[in-house]
Amino acid sequence: MEASSLSEIYESISKDADIIYVVPLIRHTHKKTDYLYLLYEDLIGSDSYEIKSISIFHHFKLVAGILTNRKAILHYHWLEFQDFKSLLGMPWKMLCIYLFQLFGGHIVWTLHNEFPHNQKYLGLHRYLHKKMARWTDILHVHCSAAVSLMSDRLKAPKEKFTIIPHPDFPTDPIPKSTAISHLNKNYDCGIDPDDTILLMFGNISRYKQIEEIADILIKEELSSKLIIAGPVKKGNMDLYEELISKVNKYNCIKLIAEFIPEEHVPWFYSATDICVFNYREILSSGGFHMAESYNKTIIAPNIGCLSETKDLSNIHLFTNADELKALLRVKITELNG
């Protein structure tokens, strides 16, 4: 089933629902870049529903809430854990979710990934995800490709899935020369105005296979500069150290391993010629949609929801390492004239 809005999903579950609990927290301070804020933007402050955003540490509020208001709906995102410490909190979270539905609450679960990016504890994740799928009224995905993939993985009927596209990101493009000036001044990027710029933007994590892109540019001696910008994801310091060693040896790689303020995001995309993605696996990608919003030339793997963009002229998908290398060579050569 396809829906035009979250309201349509919620109404299909309960026409009397008036409170939507959202997990995790919506970052109201990042109205142009936060996925959750953009997804719920039309409902925040509306008369239709009261949106209550719950942190991972306050799941008890779900149980207390459903006991006082049986018309509430829980909309959950990213049900996973990354390490043993976060694993210890899962029984409590799963208990609260179970009690929420046991006491009459309805659940919508948005699926973002096939499985956790770090691929740890996969067996336990599969078990918990199948449990969650059974408790859930609607499984929300962003494309039809995700329905077939996740229906099989979760052993859930396709009729339980509803498609609402990924929200668009608002953009503030500026001239490339101005953007480069800002990056050089604030991040010491050392970019020349005529450089061909590649960007890998977002959390620095192993599943994005960032190091492979850097190695291709280095080994193929492609005339371009790669900017890697974003904070290092927990558990990925080894990747950070690997990237630092490349930065120290080659001036074609620029690493900005920190959170990028929202007002600086347009500098990166406006300075960029090609946005590159090399996900090992993904269903939907905020970074990919950000690049789409800025109408960038995109090189990305032919997987998940990304595969449904293959007919767009500015998007170039690859299925293996050789195709990736060939695309990088062709597109950089075109830009360099």
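The values are calculated or read from the model by the stated rules, or taken from the named source; none is laboratory data. Not measured: the values here are computed from a predicted model. Here the Cβ is made from the backbone with ideal geometry for all residues, glycine too, and neighbour counts use every protein chain on show. Heavy atoms of the whole protein, side chains included, go into the accessibility calculation; ligands, DNA and RNA do not. Shrake-Rupley method; radii C 1.70, N 1.55, O 1.52, S 1.80 Å.
Couple of notes before you dig in:
- Test: residue in the range 182-205 that is in contact (Cβ under 8 Å) with a residue 12 or more places away in the chain, open to solvent by less than 40 Å² (accessible area, probe 1.4 Å), charged (D, E, K, R) and outside any helix (DSSP H, G or I): yes
- Any hit, the range 219-232, residues being among the basic types (K, R), touching a residue at least 60 places away in the same chain (Cβ under 8 Å) and surrounded by 19 or more Cβ atoms within 10 Å (Cβ to Cβ): no
- Residue under evaluation P167, criteria (1) within 30 Å of H140 (Cβ to Cβ); (2) part of a strand (DSSP E or B), criterion not met: (2)
- Among residues of the range 206-244, those that are closer than 19 Å to D83 by Cβ, part of a helix (DSSP H, G or I) and touching a helix residue (DSSP H, G or I) at 6+ places or on another chain (Cβ under 9 Å), counted: 4
Residue-wise test of (1) in contact (Cβ under 8 Å) with a residue 40 or more places away in the chain; (2) polar (S, T, N, Q); (3) open to solvent by 90 Å² or more (accessible area, probe 1.4 Å).
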{"position": "D34", "(1), (2), (3)": "no, no, no"}
{"position": "G45", "(1), (2), (3)": "no, no, no"}
{"position": "S53", "(1), (2), (3)": "no, yes, no"}
{"position": "L62", "(1), (2), (3)": "yes, no, no"}
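- Scanning the range 279-313 for residues that are touching a Lys or Arg at 6+ places or on another chain (Cβ under 8 Å) and open to solvent by less than 10 Å² (accessible area, probe 1.4 Å) turns up just one, I299.
- Screening S5, S14 for residues that are out of contact with any Lys or Arg (no Cβ under 9 Å at 6 or more places or on another chain), among the hydroxyl-bearing types (S, T, Y) and touching a residue at least 60 places away in the same chain (Cβ under 8 Å) leaves exactly one candidate, S5.
- When I174 is tested against (1) within 22 Å of S285 (Cβ to Cβ); (2) not in a helix (DSSP H, G or I), only condition (1) is not met.
- In the range 1-57, the residues that are in contact with a strand residue (DSSP E or B) (Cβ under 8 Å, 6 or more places away or on another chain), among the small types (G, A, S) and either within 20 Å of M290 (Cα to Cα) or assigned to a helix (DSSP H, G or I) (or both): S12
- Flag for A271 being more than 19 Å from the chain's Cα centre (by Cα), open to solvent by less than 20 Å² (accessible area, probe 1.4 Å) and not hydroxyl-bearing (S, T, Y): yes
- Complete set of residues in the range 313-337 that are within 17 Å of T272 (Cα to Cα) and hydroxyl-bearing (S, T, Y): T333
- Any hit, the range 29-49, residues being among the hydrophobic types (A, V, I, L, M, F, W, C), touching a Lys or Arg at 6+ places or on another chain (Cβ under 9 Å) and closer than 24 Å to L124 by Cα: no
- Evaluation of L149 against (1) of a type in the set (A, V, I, L, M, F, W, C); (2) buried (at least 20 other Cβ atoms within 10 Å of the Cβ); (3) closer than 21 Å to Y279 by Cβ (one fails), failing number: (2)
- So L67, is it closer than 16 Å to L124 by Cβ, open to solvent by 60 Å² or more (accessible area, probe 1.4 Å) and either assigned to a helix (DSSP H, G or I) or polar (S, T, N, Q) (or both): no
- Of all residues in the range 113-146 being part of a helix (DSSP H, G or I) and at pLDDT below 90, the one that is surrounded by the most Cβ atoms within 10 Å (Cβ to Cβ): H125
- Selection count, the range 77-109, where residues are touching a helix residue (DSSP H, G or I) at 6+ places or on another chain (Cβ under 8 Å) and either free of Cβ contacts under 8 Å to residues at least 12 places away in the same chain or not in a helix (DSSP H, G or I) (or both): 11
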